[in-house]
1. Would you check if there is a residue in region A:190-197 being open to solvent by 10 Å² or more (accessible area, probe 1.4 Å), away from ligand 2 (no atom under 14 Å from the Cβ) and out of contact with any Phe, Trp or Tyr (no Cβ under 7 Å at 6 or more places or on another chain)?
2. What are the residue pairs meeting all of these: first residue in region A:208-231, first residue on the phi > 0 side of the Ramachandran plot, second residue within 16 Å of ligand 1 (Cβ to nearest atom) and open to solvent by less than 30 Å² (accessible area, probe 1.4 Å), Cβ atoms under 6 Å, and 6 or more apart or on different chains?
3. Can you name the residue in region B:209-230 that is touching a Ser or Thr at 6+ places or on another chain (Cβ under 6 Å) and under 17 Å from A:G109 (Cα atoms) and is also nearest to the other protein chains (Cβ to nearest Cβ) among such residues?
4. Which ones in region A:96-119 are open to solvent by 10 Å² or more (accessible area, probe 1.4 Å) and in a helix (DSSP H, G or I)?
5. Residues A:G60, A:G38: which one is of a type outside the set (S, T, N, Q), buried (at least 21 other Cβ atoms within 10 Å of the Cβ) and more than 13 Å from every other protein chain (Cβ to nearest Cβ)?
6. Scan region A:38-49 for residues that are touching a residue at least 40 places away in the same chain (Cβ under 8 Å) and either in contact with a strand residue (DSSP E or B) (Cβ under 7 Å, 6 or more places away or on another chain) or more than 13 Å from ligand 2 (Cβ to nearest atom) (or both) and jot them down.
7. Tally up the residues in region A:68-82 that are open to solvent by less than 20 Å² (accessible area, probe 1.4 Å), within 8 Å of chain B (Cβ to nearest Cβ) and without any contact (Cβ under 8 Å) to a residue 40 or more places away in the chain, please.
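The values are calculated or read from the model by the stated rules, or taken from the named source; none is laboratory data. Here the structure is a predicted model, which means the values were calculated and not measured. Backbone-built Cβ (ideal geometry, glycine too); neighbour counts: all protein chains shown. Ligands, DNA and RNA are stripped out before the accessible areas are found, and what is left, the full protein with its side chains, is counted by its heavy atoms. Shrake-Rupley method; radii C 1.70, N 1.55, O 1.52, S 1.80 Å.
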Amino acid sequence: MEAPLLRVEHLAKAYGQVVTARDVSFDVAAGEALGVVGPNGAGKSTLLNLVTGTARSDGGTLLLDGQDVTRWSAPRRSAAGVGRSYQVPRPFAGMTVFENVLVGARFGGGHGGREARRLAIDALERTGMAHLANTPAGRLRLLDRKRLELARALATGPRLILLDEIAGGLTDAELPELVALVAELRDAGLAVVWIEHIVHALLQVVDRLMCLALGDVVAIGDPATVMRDPRVVEVYLGSTVDPGPAAAS
Amino acid sequence: MSAVTDVRRRGGRASMVGSGLLVVAVLVLALWVPYNVSLGTLSSLVGLFVLVILGTTWNLMAGYAGMVSIGQQAFIGIGGYGVIHLADAVGLPVLGAVVAAAVVCGAVAWATSFLVFRLAGGYFAIGTWVVAEVVKLLTTQVDALGGGSGLSLGAFQGADRVARVATVYWLGLTLAVVVVLATFALMRSRVGLGLTAIRDDPTAASGLGVPVDRSKRIVYVASSAGVGLAGALTALNTLRVTPDSIFSVGFTASMIFVVLIGGIGTIEGPIVGAVVSFVLQDRLADLGSLYLVVLGVVAIVVVLLAPRGLWGLVTRVTDVHLFPLVHTVRREASED
Ligand SMILES: Nc1ncnc2c1ncn2[C@@H]1O[C@H](COP(=O)(O)OP(=O)(O)O)[C@@H](O)[C@H]1O
Ligand SMILES: [Mg+2]
């Protein structure tokens, strides 16, 4: 069997007394989408920070395509094909939407001027943002900021894309478009990790599901099985998660 | 669905006119002014070129890379002492001494960056100031540099005064133009794109592949080398440096003043700020210490009424960009 694109082994991270990852292990293959659910504060976003390298793990190993990248800097991981979107968008507010995306194409993507401009436009078109290309990113409304997160990550030409709650706030008409885009990325051979509270959207795409709580992997595997797992149900009791129509069916 | 897309990086007609006027201004300064003003005025105009360089380089650091240093007088001092020492004791020709002094500044900035880059925000500012004080103290300990009493330039002795002032004037104008154009070129390059991203959000920039530390170091070294040029120019103009004059924190205060009133984060802003600052200095020289009060009031008023500086006011009412950096995407539906 082929080595998974991302393999996380015994990852550990704590902020003071708050443990955000305790012996977390999982992997994702190219062409596979892994969904991640869990209550607020479970450590989902921090997990993405550890994989992209913007936060340092306390222990454990990260393998990208079989290569140990645990000590690699964030820019180096980006160049190696790790892309992500932030739950709370972090646009370059003083730059235009196009320039935001261009940063991804020129640096993470490593492309020269002309090719980078083409890829930036391409990423804007795929995410439906081309008409906003010249808008200063600081003036975007929240939903467009989230879209920009995705466009910027795509422009780096990632092999692994990490999505952090990109569906929140979308209308019923927009949600299927996003689901289709994520499915398209997965089918194009990217490894996808998607954190989402809107579980019914998630379940339309992901091949496997992982549930995190207080830094622990509660369950991982077939989505339907994980959603029925008594430990997962217990974690969600009284939480604000919207299981949606998929869970009811 | 397919569209013809074109990405431009130039201003419109008004910007072309503006750039043309700037070129004319530089030509007037180069070709007309030297033959039509007094030697004293010519010499004081070198102060304007120094302000342009200081504002441009400080803006490069603070406005584009988010590094607020209050210790750049270290490099004025090294540049000033450097040019005199290299010209007199080492025997380099004056122009060579100026360039070499700037290179020394760049090297010192590179070395000290490993110290000050460990500090964030306000601590970075204080760290740079401490480095400047240490450099000043070390300078006063070296006998070859005149100890506490400083150095006088010998290389120009015997030269005709008119030729000397004119040489320094033209050198100053050239250096100011070179520093502004080099900054413009840097900001249009890949490095500049990364720097702007770092200014807005270093974490997001790093995650998109921008080498944050390396980019900041490039800017710190380049900016400090530029400040070294200004220091060398100041020494050539006054013919004398003392630790207290050339390591004065007042230089950094004027850099900040120039950038704040002109407009931070633009190439044009520091040029406008330098001109305003120079005119104020010239007009208010007789006021003594009251001059500083006026400067303070001007700074407060401008910051309150025009947070993006005087140049920010210009770009709010017109679409003039003398040094266009922004990308404009133009899309047209294709024929087929
Ligand atoms: N940089 C940080 N410093 C301190 N605590 C943090 C930091 N980042 C996250 N945390 C804490 O780690 C825990 C997990 O946060 P997060 O990963 O954002 O959870 P989730 O995305 O699952 O909601 C929270 O208690 C949060 O307060
Ligand atoms: Mg989160």
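1. yes
2. A:G215/A:T20; A:G215/A:A21; A:G215/A:G43
3. The extreme case among them is B:G209.
4. A:E99, A:R106, A:F107, A:G113, A:R114, A:E115, A:R117, A:R118, A:L119
5. Answer to the selection: A:G38.
6. A:G38, A:P39, A:A42, A:G43, A:K44, A:S45, A:L47, A:L48
7. Counting residues in region A:68-82 that are open to solvent by less than 20 Å² (accessible area, probe 1.4 Å), within 8 Å of chain B (Cβ to nearest Cβ) and without any contact (Cβ under 8 Å) to a residue 40 or more places away in the chain gives 1.
One line per residue, one yes/no per condition, for (1) more than 14 Å from chain A (Cβ to nearest Cβ); (2) in a helix (DSSP H, G or I); (3) under 30 Å from B:L86 (Cα atoms):
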{"position": "B:A159", "(1), (2), (3)": "yes, no, yes"}
{"position": "B:V168", "(1), (2), (3)": "yes, yes, yes"}
{"position": "B:L175", "(1), (2), (3)": "yes, yes, yes"}
{"position": "B:V178", "(1), (2), (3)": "yes, yes, yes"}
{"position": "B:T196", "(1), (2), (3)": "no, yes, no"}
